[in-house]
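First up is the structure itself, then whatever we jot down about it.
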Amino acid sequence: MDIEDELPIAPASADGGEPSQALLFGDQFDVEVYAAQYSGRTRVARLLFIAGKCGSEQMQLDALRLAYDGTLKGEDTTLHRDVATRIAGRLGPRYAVDQAWSDSVERRSMVRKDKLDSELNGYKTNLIKESIRMGYNDIGDFHYAHGHLSEALKSYIRTRDYCTTSKHVVQMCMNVILVSIELGQFMHVSNYVSKAEQTPDNMDAVTVAKLRAAAGLAYLETNKYKLAARKFIETGSELRNNYSEVISPHDVAVYGALCALASFDRSELKSKVIDNSNFRNFLELVPEVRELVNDFYESRYGSCLGYLEKLKSNLLLDIHLHEHLEVLYKDIRHKAIIQYTFPFISVDLNTMAVAFKTSVSMLEKELAALITDNKVQARIDSHNKILYASHADQRNLTFQRALQTGNEFERDVKFMLLRANLLKHEYNQKAAEKRV
């Protein structure tokens, strides 16, 4: 199936508010435009996730309608029945279980399965490695299309023993990665990404970009946000919509930017994100994310946190990001507070509370937690609402460093004199003659 190079990008902002309200009122979230970025099973899975998480009945029905239409393009009758059951007649008789379609698909699948098994047995009898590999691949494709993911995974893994070229190994790895992502087995994803990257032959740019994106997704799902950020940032612009069965360029921009903000220091953010011409292509797809990254680096924290709050309602509907969002948001906010306080000897908490769009009492609690965790070196004057930095005694530190440097110099000189004396008296040569 040919896929257009460019697909419309879903709006990346929504009305702000409390988290519970954000789920109820995602008015700017266009489900149809969002779904157009994906293909295959992940399209249906993401639509079902939105239907289960959003609080708006209209959005839920829109998602279920699109999911229903998506199941009719595949061969997974169980998924089709599940979607129809969730609709529960709310969209009219047209969106009930299509029994005629299901029966037709199941009849064809039985015939197809018998044919594939017969062909594979013939290949095994003739001991033709390439034919056996293709036979297992075809059976894996069959199981994947019908939603038998565990069986598909087994078939794809079995092709490993019959791969004769690097291209075959990479194809096997990509198939295993695809199914493992849907099964949520992200250790498998990381292992097979590494296996594909270790093949001796050079891979094409699209495949490399797919592997980077898959690795980033695996690191994200295992809470390794810094590694995830690096992989998403390394993903080549060749990805485009060539991996729509897993991830979109829009996702790469959002996942990569949020993970980078939560885990990179200031210099890394500048060199690897802001000045990265490759990743800038992804950020251009989501202007709100691009702006919040720039605002964070330029210390415009109020604007940055405002963008994050506007994005939150939509991001909570993302199948991969939703469970990491609170942690990422908290880490980004804490980094912003740390960077805000770092240059100053004292900070007025009233001014700081305005910059972070919060109350002074809430800000005090946040600062107290960061001081307890030793992330902010300061003390709080609660009466006058001032934060005082606990700067080290620079004069004493300078003397300590000078003494340490002198001691190291003295030690090095003694070692040099000892070596010179040993060479002068030919100590090594005499010791060798005595052993002889």
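The values are calculated or read from the model by the stated rules, or taken from the named source; none is laboratory data. If you're wondering where the values come from, they're calculated on a predicted model, not measured in any experiment. Positions of Cβ are generated from backbone atoms using ideal geometry, with glycine treated the same way; all protein chains shown enter the neighbour counts. Heads up: the accessible areas ignore ligands, DNA and RNA and are worked out on the full protein's heavy atoms, side chains in. Shrake-Rupley method; radii C 1.70, N 1.55, O 1.52, S 1.80 Å.
See the values below:
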read-out	value
Tail fraction, Cα-Cα pairs, the chain, threshold 39 Å, whole percent	40
Accessible-area value, ILE274, 1.4 Å probe, nucleic acids and ligands omitted, Å²	30
Max mean-square fluctuation residue, GNM over the chain, Cα-Cα springs under 10 Å, options ASP201, ASP69, ASP295	ASP201
Computed over the chain: relative contact order in percent, which uses C-alpha pairs under 8 Å that are six or more apart	14
Backbone HN-Hα couplings from phi across the stretch 43-56 [Karplus 6.51/-1.76/1.60, Hz, Gly and Pro as x]	4, 5, 4, 5, 5, 5, 5, 4, 4, x, 9, 6, x, 8
Fluctuation leader among GLU410, GLU298, GLU284 - the chain, Gaussian network, Cα springs under 10 angstrom	GLU410
Between helix 77-87 and the chain: long-axis angle, C-alpha atoms, 0 to 90°, nearest 10	80
Other-chain or far-sequence residues with amide H under 5 Å of VAL97's (modelled H)	none
Inter-part distance where the stretch 148-225 and the stretch 29-57 are each reduced to a Cα centre, Å	25
Size of electric dipole in the stretch 144-213: Cβ of Lys, Arg +1 and of Asp, Glu -1, about Cα centre, debye, nearest 20	40
Dipole magnitude (debye, nearest 20) for the stretch 93-207, charges at Cβ of Lys, Arg, Asp, Glu	180
Of ASN314, GLY302, HIS324, farthest towards positive along the dipole that unit charges on Lys, Arg, Asp, Glu beta carbons give the stretch 282-370	GLY302
Using a Förster distance of 60 Å, the FRET efficiency for GLU326-TYR427 (Cβ separation, nearest 0.05)	0.35
In order through the stretch 134-144: 3J(HN,Hα) via Karplus (6.51 cos²θ - 1.76 cosθ + 1.60), integer Hz, x for Gly, Pro	5, x, 5, 4, 4, 5, x, 4, 4, 5, 5
Label-point separation, ASN294 to ASN407 (7 Å along Cα→Cβ), nm	5.1
Size of charge dipole - the chain - debye, nearest 20, with Cβ of Lys, Arg +1 and Asp, Glu -1, no other charges	1760
Contour minus Cα-Cα distance for LYS195 and ASN242 (0.36 nm per residue)	14.8 nm
Residue among GLY236, GLY89, GLY406 with the largest mean-square fluctuation in a Gaussian network model of the chain, springs linking Cα atoms under 10 Å	GLY406
20 Å Cα cut-off, lysine pairs counted over the stretch 284-436 (separation 8 or more, or different chains)	19
Spin-label model distance (nm) - THR164 vs GLU366, 7 Å beyond Cα toward Cβ	6.3
Estimated vicinal HN-Hα couplings, Hz - the stretch 207-212 in sequence order (Karplus 6.51, -1.76, 1.60; Gly, Pro = x)	5, 4, 4, 4, 5, 4
Helix-only mean residue ellipticity at 222 nm for the chain, each DSSP H run of n ≥ 4 adding -39500 (n - 2.57), per residue, nearest 500	-21000 deg cm²/dmol
The stretch 41-81 - percent relative contact order, Cα under 8 Å, separation 6 or more	37
Pairs of lysines in the stretch 158-281 (C-alpha under 19 Å apart; 8 or more residues apart or interchain)	12
Percentage relative contact order, the stretch 150-287, counting C-alpha pairs under 8 Å, at least six apart	18
